[in-house]
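Participant: Before I ask anything, here is the structure I am working with.
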Amino acid sequence: RAAEGQLFGYESLQPGLCFQGEVQFDNSVHEALQKKVLDAIKGTLRLGRSRSAQYGRVTCAIQTTAMPQQLTDLQGRLVLWLQADMACSRDGVPVFSPTLADLGLNCKGTLDVGASFIRCRSYAPYNGHRRLPDIERQVICAGSVLIYTLESVPSDQDRLTIAQGLGDWRESGLGQVLANP
């Protein structure tokens with residue numbers, strides 16, 4: 001008979017699934033370091049728990065395709081469709097109806113709350129290295145749509161900012177948006 005608390009089961013993803021992700025580097029990261037990072041994640045990897053029980057073997061392939069943000073047909077408004085959760089703050093306080101300045105954009109405009117679709121949640125991601133939850137994050141959920149009525153046209157710097165992601169914790173994948181999809 002197994003000791004109390006020693007029985008457990010496995011949960012896993014089906015074999016053969018394909019996922020796509022994105023790796024971004026700031027301009028300040030040297031090209032040699034970028035290549036080193038990409039080489040480290042390329043090929044066969046072991047992910048997750050129970051790797052010794054033949055779980056978690058994946059193959060990672062690198063594709064270098066640029067997906068530029070096209071801000072055409074603005075017609076006086078900017079539509080941001082959140083592809084990932086987005087955390088915005090003003091003076092250290094979470095914001096759920098962010099202004100363009102809260103997003104780090106220089107163009108002028110106001111959020112059209114009536115036309116926007118905003119859902120929020122909070123969570124504390126688990127830090128496997130420390131074996132503790134990290135600080136709680138209060139975010140606008142992926143799938144939300146923020147619609148701004150523009151007073152000025154976004155600059156090239158604004159376009160670059162949107163392409164790199166908006167808000168806090170972008171290094172964790174937050175803040176990815178499509179502009180005027």
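The values are calculated or read from the model by the stated rules, or taken from the named source; none is laboratory data. Small disclaimer: the values here were computed from a predicted structure and weren't measured. Heads up, the Cβs are rebuilt from the backbone with ideal geometry, glycines too, and the neighbour counts pull from every protein chain shown. With ligands, DNA and RNA removed, areas are computed over all heavy atoms of the protein, side chains included. Shrake-Rupley method; radii C 1.70, N 1.55, O 1.52, S 1.80 Å.
Participant: Report the extension gain between Q54 and F19 in nm, rounded to one decimal, defined as 0.36 nm multiplied by the number of residues separating them, less their alpha carbon distance.
Facilitator: The Q54-F19 span can extend by a further 10.6 nm.
Participant: Projected onto the charge dipole of the chain (+1 at Lys/Arg Cβ, -1 at Asp/Glu Cβ, origin at the Cα centre), which of Y148, A32, Y55 gives the Cα projection farthest towards the positive end?
Facilitator: Y55
Participant: Just tell me which aspartates and glutamates come within less than 16 Å, Cα to Cα, of K35; anything on the same chain fewer than 8 places away is out.
Facilitator: Correct list for K35: E22, D26.
Participant: Determine the gain in length on full extension of the stretch I41-R90; use 0.36 nm per residue of separation and subtract their C-alpha separation, reporting nm with one decimal.
Facilitator: So the extension gain works out to 14.1 nm.
Participant: Counting only heavy atoms of protein chains, what accessible area per residue, in Å², does the chain have with a probe of 1.4 Å?
Facilitator: Heavy-atom accessible area per residue stands at 73 Å².
Participant: Okay, moving on. Between A101 and D168, what is the FRET efficiency for a Förster distance of 25 Å, r being their Cβ-Cβ separation, to the nearest 0.05?
Facilitator: 0.95
Participant: I need the shape label for the chain. Rule: rounded when a/c is under 1.5, else prolate if a/b > b/c, else oblate, with a, b, c from the alpha carbon gyration tensor.
Facilitator: Cα axes put the chain in the prolate bin.
Participant: Just order 12-22, 159-169, 103-113 by mean Cβ neighbour count inside 10 Å, highest at the front, would you?
Facilitator: 159-169, 103-113, 12-22
Participant: Same structure again: Taking the Cα-to-Cβ direction at Q63 and at L160 and moving 7 Å from each Cα, how far apart do the two end points lie in nm?
Facilitator: Going from the Q63 label point to the L160 one covers 2.7 nm.
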